[in-house]
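Once you've had a glance at the structure underneath, I'll fire off some questions.
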Amino acid sequence: MEKMSVAQARRPESIGQEVQLQGWVRTRRDSKAGFSFVEINDGSCQGNLQVIMEGSLPNYESEIKRLTTGSSLSLVGLIKASPAKGQTTEVQAQQVTVYGIADADSYPLQKKQHSFEFLRTIAHLRPRTNTFGAVARVRNRVCRSIHDFFQEEGFLYVHTPIITASDCEGAGAMFQVTTLKLDAVPKDEEEQIDYSLDFFARRSYLTVSGQLEGESYACALGKIYTFGPTFRAENSNTSRHLAEFWMVEPEMAFFELADNMDLAERFVKRLFRDVLDHCPEEMEFFRERIDKETVDRLRGIVDSQFVRLTYTEAVTILEKSGQKFEFPVHWGTDLQAEHERYLTEQHFKRPVILYDYPASIKPFYMRLNDDERTVRAMDVLVPGVGEIIGGSQREERLDVLQRRMEQQGLSPEDYWWYLDLRRFGTVPHAGFGLGLERAVQFITGMGNIRDVIPFPRTPGSADF
RNA sequence: UCCCCGAUAGCUCAGUCGGUAGAGCAAGCGGCUGUUAACCGCUGGGUCGUAGGUUCGAGUCCUACUCGGGGAGCCA
């Protein structure tokens, strides 16, 4: 007997086939006329499959009448056109095997809406809900599109290390990795921790970015991208931050800032277009249940040009806006969330790429402009979520890079290999980072980033 | 880390002026039905987050703590 997915069985072209289906019960409705409607889902699509289970089945009273939400089963049946509204096909079951009942008294999921807060406490079961199934499928589609896009553009997928000894990748607090016994840490003569006895014979950390290593490969192979888990030990408690998240970081030799912005815009639009094209049921679900605007917003972005303006121009717009901001705007300080929101949500009402930020508020590796006050940084801001991409053209001039490091209190010796890239055949190059979860959050309209990653890690919480 | 809000049945919530606990859904039983978040009736289900305090009396007022949420900062 051929196995078939629920997704396939829901399509009209499957009518007339006799197949095996396996999945989990979403709901059961009994008819006293002597049969039951059982809706099953196997994760292959948003919708359920209605199965007719007749009272004449040998295990009808003993097992089928006891099927509860969450129970698992296998069945053999004939796919038919459904006579009633609500679905195009349905299955007439000929044989039903129950794998496992989900005891309704203790099974936490019911056929009703639960709060996301509650579902986070049962993260191992929440993928069985409509919302988390849809998020998982959209997340998968976005990941596939990330690879498709870069592979089609001739990029090489490079794996940068998860464990790093660069103690300042320039992107925030790091998790330390150690095999030292924390209750008996070895000390040297000066009572300092003796890291020569640690696993890597020096302090090591979980990566906060693969950028520096990515530059190494871009400066040999041209266009590369990394895509993997990233860790930040910041004590951030917001709906947009995770301690462990996934980041895509392309890095391109012979790219200047304008090339970088072009690529970022093409990239983001491709992700959005692919989800609209390939996940219509999921997006319709999000439009109905999560965020009415999300589909229209994505369509609008795919068809429109991103606004590009310099930091200096943005400050001028904000100053002239007449808006009362909690924090007043002035040149030289970073824009606050309220300022970015005003630009994307009220002034332009679409994504905005800001570039040429003051050098004083950006890291050492961003290329200094001729005005000596600004660097070739760019942020892609979207309505609702805010910063979705951050990137820059990198400083390729050895002397300028060394000067900038010293200004920021970093010792060039620690970055000897990074500086080698400028010593030997340096080239203009650029890159950016896109937070996967921020992208999925924006696409789906989900309000909390903890609900677009399967098992979220946040301060004080690493359950499951 | 800072500011604000919350914690009551398995879930989602209501609970008036401080007077001893309620609904919907879920569950069990019964009824009805090609149903589709099915529907109707009945039944069971509670240390009101924890620890103190005020009071004749606290779910309700006060304090601390724990956990959760929203916002800010940091950023992706």
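Quick one: would you say A:Glu281 is of a type in the set (Asp, Glu) and at pLDDT 90 or above?
yes
For the stretch A:146-157, does any single residue satisfy the condition of being under 20 Å from the mean Cα position of the chain (by Cα) and without any contact (Cβ under 8 Å) to a residue 24 or more places away in the chain?
yes
Take the stretch A:265-314 and flag every residue that is β-branched (Val, Ile, Thr), farther than 18 Å from A:Arg438 by Cβ and either under 22 Å from the mean Cα position of the chain (by Cα) or surrounded by 19 or more Cβ atoms within 10 Å (Cβ to Cβ) (or both).
If the condition is that a residue be β-branched (Val, Ile, Thr), farther than 18 Å from A:Arg438 by Cβ and either under 22 Å from the mean Cα position of the chain (by Cα) or surrounded by 19 or more Cβ atoms within 10 Å (Cβ to Cβ) (or both), then A:Val295 is the only one that fits.
Could you check how many residues of the stretch A:163-218 are within 16 Å of RNA strand B (Cβ to nearest atom), at pLDDT 90 or above, part of a loop (DSSP other than H, G, I, E, B) and touching a Pro at 6+ places or on another chain (Cβ under 9 Å)?
2
Would you check if A:Phe442 is under 31 Å from the mean Cα position of the chain (by Cα), within 11 Å of RNA strand B (Cβ to nearest atom) and among the aromatic types (Phe, Trp, Tyr)?
Numbers: under 31 Å from the mean Cα position of the chain (by Cα): yes; within 11 Å of RNA strand B (Cβ to nearest atom): yes; among the aromatic types (Phe, Trp, Tyr): yes.
Against the criterion (under 31 Å from the mean Cα position of the chain (by Cα), within 11 Å of RNA strand B (Cβ to nearest atom) and among the aromatic types (Phe, Trp, Tyr)), A:Phe442 qualifies.
Could you figure out which of (1) crowded, with 17+ Cβ neighbours inside 10 Å; (2) part of a strand (DSSP E or B); (3) at pLDDT below 90 isn't true of A:Thr69?
Status for A:Thr69: all satisfied but (2).
Kindly indicate the residue of the stretch A:157-206 that is within 16 Å of A:Trp417 (Cβ to Cβ) and among the small types (Gly, Ala, Ser) and also surrounded by the most Cβ atoms within 10 Å (Cβ to Cβ) among those meeting that condition.
Once the filter is applied, the top-ranked residue is A:Ser204.
Determine which single condition A:Val76 fails, assuming it passes every other condition in (1) loosely packed, with under 13 Cβ neighbours inside 10 Å; (2) more than 33 Å from the chain's Cα centre (by Cα); (3) away from RNA strand B (no atom under 14 Å from the Cβ).
Going through (1) loosely packed, with under 13 Cβ neighbours inside 10 Å; (2) more than 33 Å from the chain's Cα centre (by Cα); (3) away from RNA strand B (no atom under 14 Å from the Cβ) one by one, A:Val76 breaks only (1).
Let me ask something additional. Are there any pairs with C-beta distances below 8 angstrom linking a residue in the stretch A:331-343 that is at positive phi to a residue that is in a helix (DSSP H, G or I) and away from RNA strand B (no atom under 11 Å from the Cβ), with the two at least 6 apart or on different chains, and if so which?
Matching pairs, first to second residue: A:Gly332/A:Ser360.
Going by the conditions given, is A:Glu413 more than 30 Å from A:Leu298 (Cα to Cα) and in contact with a Leu (Cβ under 6 Å, 6 or more places away or on another chain)?
Against the criterion (more than 30 Å from A:Leu298 (Cα to Cα) and in contact with a Leu (Cβ under 6 Å, 6 or more places away or on another chain)), A:Glu413 does not qualify.
Please go through the stretch A:346-376 and give me each residue that is outside any helix (DSSP H, G or I) and free of Cβ contacts under 8 Å to residues at least 40 places away in the same chain, ordered by number.
Correct list: A:Lys349, A:Lys362, A:Met366, A:Leu368, A:Asn369, A:Asp370, A:Asp371, A:Glu372, A:Arg373, A:Val375.
I'd like the full set of residues that are of a type in the set (Gly, Ala, Ser) and away from RNA strand B (no atom under 16 Å from the Cβ), limited to the stretch A:381-422.
A:Ser411
Among the aliphatic types (A, V, I, L, M) and either more than 16 Å from RNA strand B (Cβ to nearest atom) or not in a loop (DSSP other than H, G, I, E, B) (or both), is that true of A:Leu343?
Yes; evaluated as a whole, the condition is true for this residue.
So, of the residues in the stretch A:18-42 that are surrounded by fewer than 15 Cβ atoms within 10 Å (Cβ to Cβ) and assigned to a loop (DSSP other than H, G, I, E, B), which turns out to be farthest from RNA strand B (Cβ to nearest atom)?
Checking each candidate, the answer is A:Gly34.
One line per residue, one yes/no per condition, for (1) within 30 Å of A:Arg273 (Cβ to Cβ); (2) of a type in the set (Ser, Thr, Tyr); (3) in contact with an Asp or Glu (Cβ under 6 Å, 6 or more places away or on another chain); (4) outside any strand (DSSP E or B):
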residue	(1), (2), (3), (4)
A:Met405	no, no, no, yes
A:Glu413	no, no, no, yes
A:Gly431	yes, no, yes, no
A:Gln441	yes, no, no, yes
A:Pro454	yes, no, no, yes
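Quick grid of which residues meet (1) among the basic types (Lys, Arg); (2) closer than 30 Å to A:Thr129 by Cβ:
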site	(1), (2)
A:Gly210	no, no
A:Cys219	no, no
A:Thr238	no, yes
A:Ala243	no, yes
A:Asp259	no, no
A:Val275	no, yes
A:Phe285	no, yes
A:Arg289	yes, yes
A:Gly300	no, yes
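Can you name the condition, by its number, that A:Pro454 falls short on among (1) away from RNA strand B (no atom under 14 Å from the Cβ); (2) within 22 Å of A:Leu257 (Cα to Cα); (3) out of contact with any Lys or Arg (no Cβ under 6 Å at 6 or more places or on another chain)?
(2) is the only condition that A:Pro454 fails.
Residue-wise test of (1) farther than 30 Å from A:Glu396 by Cα; (2) away from RNA strand B (no atom under 14 Å from the Cβ).
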{"site": "A:Ile317", "(1), (2)": "yes, yes"}
{"site": "A:His339", "(1), (2)": "yes, no"}
{"site": "A:Phe348", "(1), (2)": "yes, yes"}
{"site": "A:Tyr355", "(1), (2)": "no, no"}
{"site": "A:Pro358", "(1), (2)": "no, no"}
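Within the set of pairs 6 or more residues apart or between chains, which connect a residue that is at pLDDT 90 or above inside the stretch A:14-31 to a residue that is exposed (fewer than 14 other Cβ atoms within 10 Å of the Cβ) with Cβ atoms less than 6 Å apart?
A:Ile15/A:Ala81; A:Val19/A:Glu2; A:Gln20/A:Met1; A:Gln20/A:Lys3
Filter the stretch A:219-235 down to residues that are at pLDDT 95 or above and farther than 18 Å from A:His147 by Cα and give me whichever is surrounded by the most Cβ atoms within 10 Å (Cβ to Cβ).
Restricting to residues being at pLDDT 95 or above and farther than 18 Å from A:His147 by Cα, the top hit is A:Cys219.
Additional query: Could you list all residues from the stretch A:104-120 that are more than 6 Å from RNA strand B (Cβ to nearest atom) and surrounded by 13 or more Cβ atoms within 10 Å (Cβ to Cβ)?
A:Tyr107, A:Leu109, A:Phe116, A:Leu119
I need the full set of residues from the stretch A:219-247 which are within 13 Å of RNA strand B (Cβ to nearest atom) and hydroxyl-bearing (Ser, Thr, Tyr), in order please.
Across the stretch A:219-247, the qualifying residues are A:Thr226, A:Thr230, A:Ser236, A:Thr238, A:Ser239.
The values are calculated or read from the model by the stated rules, or taken from the named source; none is laboratory data. Everything numeric here is computed off the predicted structure, so don't read it as measured data. Please note: Cβ atoms are built from the backbone with ideal geometry, for glycine as well, and neighbour counts cover all protein chains shown.
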